[in-house]
Amino acid sequence: MYFQNNSDIGTLLLAMLLVYTVLMPAVSAEENLKTGDKPSEWEQGLIYALNSNTENLSTEDVIADYCKANRHKISMPKLDTASDENNSRTYQLKDGSNITFTNQGYFVIDNLIVEETKNNTFQLNNQKNTIQPSSQKSEMDSQSLVNPDYTSTLTHSVSEYNFLGWKLFTVTTEGYFGYDHKSVQPYHLDSWYVHNMPLNLWQISNWEDGENLTSNNTAEVYGQGNFHYGFEYRGNSITVQNYYIKVYLSCDQNGNYGTHYSITDLNQKLKIGPLNLEF
């Protein structure tokens, strides 16, 4: 590793300090939450704020205002990298969306919008109701449906926030399904992402979206990709967060649909390259 002068080292270390200041919330003097504990006072307060919202503010504004006013109450859970998923806590909000608190310093809100539209005329092929694939990948997966029914258009969004109240990004997928009680066919309409972090420091790579037949009687539409955030200066880099995110809708042969997402932490330690240091 070669630094041209001491200012290179200083700049890199300053960036590390700023990154940690921004991403890591202040921990109160209260005892850290343990796995299996009930929601903390901070979490319960945020749920109440989102459910009450008497001023009809946007979700982002409610979260930002609450986090700013209650920053001193934040109590971070103890990390358990061997069982992160089991340590998450999910609650349904009054508007039907879900909020999930994690032990990694962020929380997630996901919601489903059901658009009551008739989809029976979309992408059909003459009288046989054979699905016309919307992508080359799905050509081998297309199925013929007999007198099918169709779900409404479904839009599933997942937004991640940190404990400072900043929305980091939102990933959305949209589609619908045809089914005839024997088989099912997915129709992917669109998938997209918006990164909301100040200065737009998130980088997105390996983005994919589309539709899959996961079995003879189940299918999905999805959007997925690698979301990573860090800092680079004169060949020296810091990777702070590195997630692989998938947001998808599923449906079976009877038209029973559901929403799903996964956020996989690919880099649970702060990495500095090309030194290959981990913290």
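General observations
- Phi to ³J(HN,Hα) by Karplus 6.51 cos²θ - 1.76 cosθ + 1.60 over the range 102-110, Hz, x for Gly, Pro: 10, 9, 10, x, 9, 9, 10, 10, 10
- For L168, the amide hydrogen comes within under 5 Å of the amide hydrogens of E160, Y161, N162, counting only partners 5 or more places away or on other chains and with H modelled in the peptide plane.
- With the whole protein complex present, H260 retains an accessible surface near 70 Å², based on a 1.4 Å probe.
- Exposure check, 1.4 Å probe, all protein chains in place: D252 carries approximately 40 Å² of accessible surface.
- Charge dipole (Cα centre; +1 on Lys/Arg Cβ, -1 on Asp/Glu Cβ; no other charges) of the range 173-237 amounts to roughly 220 debye.
- Simple spin-label estimate for N56 and N70 in nanometres, 7 Å along Cα-Cβ: 2.4 nm
- Taking label positions 7 Å along the Cα-Cβ direction at both Y48 and N206, the computed distance is 4.3 nm, reported to one decimal.
- Equivalent ellipsoid, the range 197-262 (semi-axes from 5 times Cα gyration tensor eigenvalues, Å): 35, 10, 8
- Candidates W192, T153, F163 compared by Cα position along the dipole of the range 143-214: farthest toward the positive end lies F163, with charges placed on Cβ.
The values are calculated or read from the model by the stated rules, or taken from the named source; none is laboratory data. Note that the structure is a prediction, hence the values are computed from the model and not measured. Cβ atoms come from the backbone with ideal geometry, glycine included; neighbour counts cover every protein chain shown. Keep in mind that these areas ignore ligands, DNA and RNA; they rest on the heavy atoms of the full protein, side chains included. Shrake-Rupley method; radii C 1.70, N 1.55, O 1.52, S 1.80 Å.
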